[in-house]
Structure formats: C-alpha cells, structure tokens
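K.L.:
My questions will all concern the structure given below.
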Amino acid sequence: MTPVEFVSGLALAMKVERTELATVDRALAKGGLRQIARGRSRPDINLVEGIQIVCAWAGVEKLTDAAEEVTRLEQYCPDAVPDDEYELTKKCKPLFGSDFGEEEKDLYGRNFFVVLCEVARWLGEDRLEAERVLFSIERGGPPEISYDWELEKRKLGFAWFEELKPLQKKRTARPPVVITASIRGPVLKWIYDVTEGA
C-alpha cells in the first residue's frame, strides 16, 4: 500500500483528519525514518513505518516534530528485570508476556516499536482479541501496552533505557498536567493487515 493510500485508510480507521496523519508521514520521511518515492517507484509502507506514524501522531504536541518523537520512543524498553533479578520478582507481579508464550525477561532489551510490532503480529494471527488491546503514549513520557485479560487488566510498562541500569533509582518530577493518547487494538490490527497480512 502506497503512503498516500495508507494515510487515507489509517485516517478512516482512526477516525481522525487525514491531513494530521499526512503531516506526520511527511515529517517522518524528511527525518529519514521512512522510505520516500524515487521517480515512479513508490515503496509500500511496512509494519514498523505504519506503527511509527500512529505513535508519533499520538505522542507529539506539534505534528512536524514526529521524527523527534519516534527517536524518543525508540529509547523505551519494557520495564522488565534482568535475568539475575528475574527469579526474585516473578512471584510478586503478573507477567504480560507469559499470556502469549513469552516471559517478561524475554522482552527485556527490545525497544517499544519492536514489542508493539510483535503485538500487531499476535493480533494478525488471532492470538489476541483486538478489542482487548490498548496502547497508550504519554506526551513526553512513557508508553504502555495493556490487555484486558478475563477479570483483570495486564499491563506492560516501559522505562527509558538509561533508567533500566541496575541500582539506578532516580525519579523525575511529574508535570502538573499529563496528556495521554490511547490507541485501540483494531487500529494496530488494521496496520498489520494492510502491511504484512496483505
């Protein structure tokens, strides 16, 4: 699917203005985060590029700053624990990944986009119900993926990569107003279907 077709379809799937997503797409292309057309060749949008468009749209205050937002979000990894600490903590908190055949420790070290692409594949393979999946991005803050599992909500939080180093417990002050955008699973499934599922 060409970028123009993708942006138009995504705007319908998200029920947002096409111009907003087109602005984000152009900003990512200018930032070198998406392949651009060369002559008559118009490369199709791939899964990662499609997810980056949605995440940049959700996380930026100014749409033209989309490339910087993608770069910022790439620095987030699952808020999991390294192997040596894993045995101590696995008994005290529910695991997000274990519901889908992976342990949280296996997600450690992957960035937000890699994990979100994996969730999109699970949706495409019908391993998850799209209506139960939600991912959220706090402006200037961390992303989160959640899944309504039976009577509880399972969450996978993300932390800035530098904060994941052992023994570093530095807390930053939270801003007085927090704006969070949430995207439901059907949008993620749509992106998978038109990129890898086609």
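The values are calculated or read from the model by the stated rules, or taken from the named source; none is laboratory data. These numbers were taken from a predicted model, which means no experiment stands behind them. Here Cβ is always computed from backbone atoms with ideal geometry, including for glycine, and neighbour counts include all displayed protein chains. Remember, those area values only see protein heavy atoms, side chains included, never the ligands or the DNA or RNA. Shrake-Rupley method; radii C 1.70, N 1.55, O 1.52, S 1.80 Å.
K.L.:
So residue 188 ticks every box in (1) at pLDDT 85 or above; (2) open to solvent by 20 Å² or more (accessible area, probe 1.4 Å) but one. Which box is left unticked?
P.N.:
(2)
K.L.:
Okay, next question. Note down all Cβ pairs under 7 Å where the first residue falls in the stretch 183-198 and is among the β-branched types (Val, Ile, Thr), the second is open to solvent by less than 20 Å² (accessible area, probe 1.4 Å) and part of a loop (DSSP other than H, G, I, E, B), and they're at least six residues apart or on different chains.
P.N.:
195/45
K.L.:
Quick one: in the stretch 125-164, of everything that is part of a loop (DSSP other than H, G, I, E, B) and on the phi < 0 side of the Ramachandran plot, which residue is most open to solvent (accessible area, probe 1.4 Å)?
P.N.:
So, considering only residues that are part of a loop (DSSP other than H, G, I, E, B) and on the phi < 0 side of the Ramachandran plot, the one most open to solvent (accessible area, probe 1.4 Å) is 151.
K.L.:
Now, a different point. Among the residues of the stretch 11-21, what is the count of those that are open to solvent by less than 50 Å² (accessible area, probe 1.4 Å) and either touching a Lys or Arg at 6+ places or on another chain (Cβ under 8 Å) or of a type in the set (Ser, Thr, Tyr) (or both)?
P.N.:
1
K.L.:
Can you tell me which condition residue 130 does not meet? The list is (1) modelled with pLDDT under 90; (2) more than 18 Å from residue 52 (Cβ to Cβ); (3) touching a Leu at 6+ places or on another chain (Cβ under 9 Å), and all the others hold.
P.N.:
Unmet for residue 130, out of (1) modelled with pLDDT under 90; (2) more than 18 Å from residue 52 (Cβ to Cβ); (3) touching a Leu at 6+ places or on another chain (Cβ under 9 Å): (1).
K.L.:
On the basis of being β-branched (Val, Ile, Thr), modelled with pLDDT under 90 and over 16 Å from residue 183 (Cβ atoms), does residue 81 make the cut?
P.N.:
When the stated conditions are applied, residue 81 passes them.
K.L.:
Turning to a different aspect of this structure: Between a first residue in the stretch 15-26 that is free of Cβ contacts under 8 Å to residues at least 40 places away in the same chain and a second residue that is assigned to a helix (DSSP H, G or I) and of a type in the set (S, T, N, Q), which pairs have beta carbons less than 7 Å apart while being 6 or more apart in sequence or on different chains?
P.N.:
Filtered contacts from the stretch 15-26: 18/8.
K.L.:
Identify, by number, the condition in (1) farther than 26 Å from residue 155 by Cβ; (2) modelled with pLDDT of 95 or more; (3) buried (at least 18 other Cβ atoms within 10 Å of the Cβ) that residue 8 doesn't meet.
P.N.:
(3)
K.L.:
Among the residues of the stretch 22-57, how many are open to solvent by less than 20 Å² (accessible area, probe 1.4 Å) and over 16 Å from residue 10 (Cβ atoms)?
P.N.:
0
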